[in-house]
Structure formats: structure tokens, C-alpha cells
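Engineer: One structure is given below, represented as C-alpha cells, and several questions about it will come after.
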Amino acid sequence: MARRRTVGYIQNEWVCPNCNTRNKGGVKTCENCGAPQPENVQFELPSEQKFVTDENAVKAAQAGADIHCGFCGTRNPATATTCSQCGADLKEGKARAAGQVMQQPAAQPKIMKCDNCGTENPSSNAVCSNCGSPLPKLAPAQPAFNAPQARSGLSPAAPLTGKRSSRAPWVVAAAVLGCLAIICIGAIVLFAFPTSSVQATVTDVYWQTSVPVQEVQAVNYSNERGDPPSDAYNVSCHDESRDVCEQKTIDKGNGYSEVVEDCHTETETYCSYTVDEWTTIQTYTLDGHDLQPVYESPSVSSDQRIGNESETLTVYFTTEDGSQETYTADSISEFQQFTIGSTWTLNMNLAGGILSVEP
């Protein structure tokens, strides 16, 4: 079952369309020019996000979405019944949109220079400390929604919508993908494509064959995820649960955002059990330096069996410049073509490995 708890409230801000002044979310008219906030001007998260601690501010955040008067457009608190500007009944008004997840603000410089007088101001200032001119806010490069945060890492003074980066997420992602692409292309060029061919003579061959003998034995498994096999015995299972939490910052439609933590419990079953399985108890090997690999033929009892045979087929070459190269044949029929003294063309990759051979 999903669970939600409120972590706290932060005050948003909005930008006056008349004078470009940044205003605190709880302020309903522009602090610079006095113009009311229009219905279509959205709230934004401030660059510095802190929980509000004032009791009245918390109550305002919890009150619900503000209502714009249906006659004059003035923004009124959710608890109001008549417009504070024209006195009209707010039953005809329209509540502001609420409930959407707020997007991460763009990273702001620590110091912002006033375009009007050149005074340097902290980026948290909405207006210039010298001349009172509005200080603009950088627009987000693209929406970046809240990322899951560990419960233990929560701090009221920390950014509440994920880690703030000086680069847009898509720039970082593009850089990572670009690096991975270069690495992949380099690996393909290094290992997959032939870059040179050399003539070489077969100087030796070597084969080794393996024949496993198996019998049914009890095999124990511990803390395996999921249900045990149907033929398992000595079964012991237990459930392990963990809370998975995600933090979001949600617009309340009244100049504040609610920081919530949504959690749900994920449960997985782990089992220990015993299963009877065919198990290799001994492997018989033979080897030689000729072109006729042979396999051991061990005798087995009624409760045993022969497992899958395997072989390793190695060819040794000496190139024209005297270097030694090793090649592993894929099949016995291929291996038997490499007679001692025969000459072959070795197609080499950039790393010096043999990709293929030609007579």
C-alpha cells in the first residue's frame, strides 16, 4: 500500500509580467508595480528552497488553492468568500491549478549583476539592493522532475527537488552517451575488424578432450530469490521487505509547494532448499600433438552417466618475421586441415589477435 507523508512546505515565487519582478508566492500583487498576479502566470520554485516555519505561512500553504475573482481577476485565498478587490461573490471565481509536480529551477549564479546600475547582488535577491530594479531569473533548460531521495539524506536547507547541477541533464546525458559511443566504436575497430594480413606456417598443433562422469547428488541452495523448484526438499523460505520512497514537490496553487514523500513496500521471497542434480564427480582428459583427437571411454555404474564431451583445439603458427601466433579451431574438421608445415594467411585485428585464417 502506498503511503504519503508531508515533509514540509516551501514558498514559491512568480514573475510579474508587467515589470519582470520576482515576487514571493504568498504575495498576490507585485511588490514593485502593484499589478495583481494574473491567472495564467504560474508559480515557480525559488533557487534557494527552504521549509517555511512561520505558523501562519504553514496554515496558508495548507488552506488550498487560491481563487481568482470571476469579475476582476484578483487572486484571493481559498478561505475567502468575497473578492478582496471588488467584493464580488467568489462562487463565480476560478481556483488556481494545483497538484502538479514542480519542475527543477535552473542553476543560478551566486552573484547577479544588475542590468540597470551594474551593482552585484546575491542571486536570491528579487530586486537590486542599490536601485530597486528587478533581477531576472534564468529559465530552466527543460523540465527536470523530482528524483528519488534517500530518507536519511533529507535536510530542510537542501534543494528539495533533486540534486542541482550546473549543467542541464540532457547535456550530461549526451556527453555520457557520446563517450560510450566512442568507446564502443573503438572496441569494435580494435577487435572486430581485420586491419592486416600476414603469412604464417603451422609449427605445432595440440588437442585436449574432456569427458565428465556424473551422478545424482544433493545440492544445497541458500537464500535464492523467488520460489523453489517443484522437486526441492528441505525448503525454508522467508520474506524480506524494504521501503521504496520518492520525494516530490507539489504545487498547492496558493503560492506554496508541499514537499511529500511517497513510499511503498516491496516484498521479495528468499528460499533455501536442496535439489537432487546430476553433478560431475570426475573428468577424464586426453591430449596430443596430432590431428586425430580421441576421447576417453570411462565405465560408469547404473546410477552414473557420461556428461557432455568437450575439446580444445589449438594451432601454433610462426609468421614470416618469426613471431608466434596461436589460433583456436572451432571444430575437429577445421582443426584437421592444419597440417604441420602448411602455410596460411592470418587476418589480424588492431590488437594483434587472429580474427580468421585462410589457406
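All of the numbers you see were taken from the coordinates with simple rules; none came from a lab. All of these numbers come straight from a predicted model, not from anything done at the bench. All Cβ positions, glycine included, derive from the backbone under ideal geometry; neighbour counts span all protein chains shown.
Engineer: Let's test the formula: R0 of 25 Å, r as the Cβ-Cβ distance of Val176 and Val101. What FRET efficiency results, to the nearest 0.05?
Structural biologist: On the way: r = 25 Å, r/R0 = 0.99.
The value I calculate is 0.50.
Engineer: How long are the semi-axes of the ellipsoid equivalent to the stretch 41-89, from square roots of 5 times the Cα gyration tensor eigenvalues, in whole Å, largest first? Let's see the in-between values first.
Structural biologist: Numbers: eigenvalues 125, 40, 10 Å².
Whole-Å semi-axes of the equivalent ellipsoid: 25, 14, 7.
Engineer: Now for a different question. If you average the alpha carbon positions of the stretch 249-302 and of the stretch 303-320, how far apart do those two centres end up, in angstrom?
Structural biologist: 27
Engineer: Tell me the Rg and the Dmax, in Å, that the Cα atoms of the stretch 65-139 produce.
Structural biologist: Rg, Dmax (Cα atoms, Å): 18.1, 48.
Engineer: Something else: Once the Cβ-Cβ distance between Cys263 and Ile340 is put in as r, and R0 is 56 Å, what FRET efficiency do you end up with, to the nearest 0.05?
Structural biologist: Working: r = 71 Å, r/R0 = 1.27.
That pair, Cys263 with Ile340, gives E of 0.20.
Engineer: OK, next. Thr285 to Thr201: FRET efficiency via 1/(1 + (r/R0)^6), r the Cβ-Cβ distance, R0 41 Å, to the nearest 0.05?
Structural biologist: Working: r = 29 Å, r/R0 = 0.70.
Once rounded, the FRET efficiency stands at 0.90.
Engineer: Now, a different point. Local charge sum around Asp227 (other residues, Cβ-Cβ under 13 Å, Lys/Arg +1, Asp/Glu -1)? Intermediate results must be reported in sequence, preceding the final value.
Structural biologist: On the way: positive: Arg225; negative: Glu224, Asp231, Asp239, Glu268.
Combined, the nearby Lys, Arg, Asp and Glu give -3.
Engineer: What net charge is computed for the residues neighbouring Thr82, neighbours being all others with C-beta under 11 Å from the C-beta of Thr82, Lys and Arg scored +1, Asp and Glu -1? Each step should come with its number before you reach the end.
Structural biologist: Working: positive: Lys91; negative: Asp89, Glu92.
Summing Lys/Arg as +1 and Asp/Glu as -1 gives -1.
Engineer: Could you tell me which of rounded, prolate or oblate describes the stretch 1-113, using a ≥ b ≥ c as the square roots of the eigenvalues of the alpha-carbon gyration tensor, with rounded for a/c under 1.5 and, failing that, prolate when a/b is larger than b/c and oblate otherwise?
Structural biologist: Values: a/c = 1.98, a/b = 1.18, b/c = 1.68.
Cα axes put the stretch 1-113 in the oblate bin.
Engineer: Lys and Arg at +1, Asp and Glu at -1: add these up for the other residues within a Cβ distance under 12 Å of Trp278 and post the number.
Structural biologist: On the way: positive: Arg305; negative: Glu215, Asp276, Glu277, Asp303.
Residues near Trp278 contribute -3 overall.
Engineer: Which order do Asp290, Asp330, Asp204, Asp251 fall in if you start with the one that has the fewest other Cβ atoms within 10 Å?
Structural biologist: Numbers: Asp290 11, Asp330 8, Asp204 14, Asp251 24.
In increasing order of surrounding Cβ atoms, one gets Asp330, Asp290, Asp204, Asp251.
Engineer: While we're looking at this one, here's another question. If you rank Lys94, Lys59, Lys252 by fewest surrounding Cβ atoms within 10 Å, what's the result?
Structural biologist: Working: Lys94 14, Lys59 11, Lys252 24.
In order of increasing Cβ crowding within 10 Å: Lys59, Lys94, Lys252.
Engineer: What are the extents of the Cα atoms of the stretch 1-56 along their three principal axes, listed from largest to smallest and rounded to whole Å?
Structural biologist: Computed over the stretch 1-56, the largest-to-smallest principal extents equal 46, 24, 21 Å.
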